[in-house]
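For reference, the structure discussed in these notes is given below.
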Amino acid sequence: MIQFDFPTILFFAAVVTGLIWALDRMFWRPRRLSQAGEGRQAKEPLIVEYSRSFFPIIVAVLVLRSFLVEPFRIPSGSMMPTLVDGDFILVNKFDYGIRLPVINTKIIPIGEPQRGDVVVFRFPRDPSTDFIKRIIGLPGDHIEYRDKRLTINGKPLKYKSDGIYIGTGTAVTMSGAQELTETIGKHTHKILLEQNRNLEPDFPCMKDNTSFTVPKGHYFAMGDNRDNSNDSRYWCAVPERNLVGKAFLIWMSWDKLDSKVKWKRIGTHIE
């Protein structure tokens, strides 16, 4: 989803501006006042003025993004029909525990992902890139994927056909796919299947292309656009330490193909 580490940039910006402000208060400002003489105002260097002004703002943004809520943009169709290319979403950063920025070490455990959660995580093969998928398997779960249907710990998931998917704008590429409602525990969500795709699948991480046991401290994640998703079937499970947070709201949606706002998607809760 994102190719640069913005939290790290914010962290170092906070350190630099805070250090400049502190040095000025302790050393530079008293020296300026002494040189200016009694009753005269010493001119504050521009870099100090900017640091003093921006430091609290940078810290506030860093705290907000690191511990509370972080925005992301969806750049692909791997989570259709739940999320489409051009959706801007908000991610809850504290549902799965409070983590220190930059080093991502959990300091306060709060909760754990549940089956059906839509989560953002750092891609295991390239932690500088963020991915978004749906949690299908928890640590220790045995996952089976046969004939495009999931079975978890020997219990097949329930599916209900919703007919043929008709997409608009950037989502038009999936028009004609089969849309289904998938039930995982008490959670229901929509998925897309292309019946003529992957009839003989090649899933490197799944034994005999059909089964996978989730290791301790890991999660099995899949996209809702099942035949068009680069997920745990191909690169295996997501380590717990890679979790970023739980996606919960679409706050903006821009269709680059039609060059217009998708008003009906704004404010949609992510199921």
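The values are calculated or read from the model by the stated rules, or taken from the named source; none is laboratory data. Because the structure is a prediction, the values reported are computed rather than measured. Positions of Cβ are generated from backbone atoms using ideal geometry, with glycine treated the same way; all protein chains shown enter the neighbour counts.
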Matching residues in segment 177-187 (surrounded by 14 or more Cβ atoms within 10 Å (Cβ to Cβ) and assigned to a loop (DSSP other than H, G, I, E, B)) number 1
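Rundown of residues vs (1) crowded, with 17+ Cβ neighbours inside 10 Å; (2) not in a strand (DSSP E or B), yes/no style:
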| residue | (1), (2) |
| --- | --- |
| His189 | yes, no |
| Glu200 | no, yes |
| Phe212 | yes, no |
| Tyr219 | yes, no |
| Trp251 | no, no |
| Leu257 | no, yes |
Checked segment 180-222 for anything farther than 22 Å from His142 by Cβ and out of contact with any strand residue (DSSP E or B) (no Cβ under 8 Å at 6 or more places or on another chain); matches are Asn196, Arg197, Leu199, Glu200
Which of the residues spanning segment 50-71 are more than 24 Å from Arg25 (Cα to Cα), in a helix (DSSP H, G or I) and touching a residue at least 12 places away in the same chain (Cβ under 8 Å)? Arg65, Ser66, Phe67, Leu68
Condition set part of a loop (DSSP other than H, G, I, E, B) and at negative phi, scope segment 226-249, selection surrounded by the fewest Cβ atoms within 10 Å (Cβ to Cβ): answer is Asn230
Does Ile143 meet the test of being over 17 Å from Ile74 (Cα atoms), part of a strand (DSSP E or B) and not hydroxyl-bearing (Ser, Thr, Tyr)? yes
Taking segment 116-150 and keeping only residues that are over 15 Å from His187 (Cα atoms) and over 16 Å from the mean Cα position of the chain (by Cα), one is left with Pro139, Gly140, Asp141, His142, Ile143, Glu144, Tyr145, Arg146, Asp147, Lys148, Arg149
Going through segment 29-69 one residue at a time, which ones are at pLDDT 80 or above and β-branched (Val, Ile, Thr)? Ile47, Val48, Ile57, Ile58, Val59, Val61, Val69
Taking the condition of being under 12 Å from Phe220 (Cβ atoms) and touching a Lys or Arg at 6+ places or on another chain (Cβ under 7 Å), how many residues in segment 118-139 meet it? 5
Quick one: in segment 3-28, of everything that is at pLDDT below 85 and surrounded by fewer than 18 Cβ atoms within 10 Å (Cβ to Cβ), which residue is farthest from Asp126 (Cα to Cα)? Ile9
I'd like to verify a number: residues in segment 151-186 that are within 23 Å of Cys236 (Cα to Cα) and either more than 26 Å from the chain's Cα centre (by Cα) or not acidic (Asp, Glu) (or both), how many? 10
Condition first: basic (Lys, Arg), touching a Leu at 6+ places or on another chain (Cβ under 6 Å) and in the same structural domain as Gly245 (by TED's automatic domain parsing). Can you find one or more residues in segment 141-150 that meet it? yes
Quick check on segment 87-98. Is at least one of its residues among the hydroxyl-bearing types (Ser, Thr, Tyr), surrounded by 19 or more Cβ atoms within 10 Å (Cβ to Cβ) and in contact with an Asp or Glu (Cβ under 6 Å, 6 or more places away or on another chain)? no
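Does segment 158-169 include one or more residues that are farther than 22 Å from Asp95 by Cα, without any contact (Cβ under 8 Å) to a residue 60 or more places away in the chain and not in a strand (DSSP E or B)?
Looking through segment 158-169, at least one residue is farther than 22 Å from Asp95 by Cα, without any contact (Cβ under 8 Å) to a residue 60 or more places away in the chain and not in a strand (DSSP E or B).
So that you can scan it fast, the table gives a plain yes or no per residue for (1) in contact with a Ser or Thr (Cβ under 8 Å, 6 or more places away or on another chain); (2) modelled with pLDDT of 95 or more; (3) over 17 Å from Thr82 (Cα atoms); (4) not polar (S, T, N, Q):
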site	(1), (2), (3), (4)
Ala221	yes, yes, no, yes
Asp224	yes, yes, no, yes
Tyr234	no, yes, yes, yes
Pro239	no, yes, yes, yes
Val244	no, no, yes, yes
Trp254	no, no, no, yes
Leu257	yes, no, yes, yes
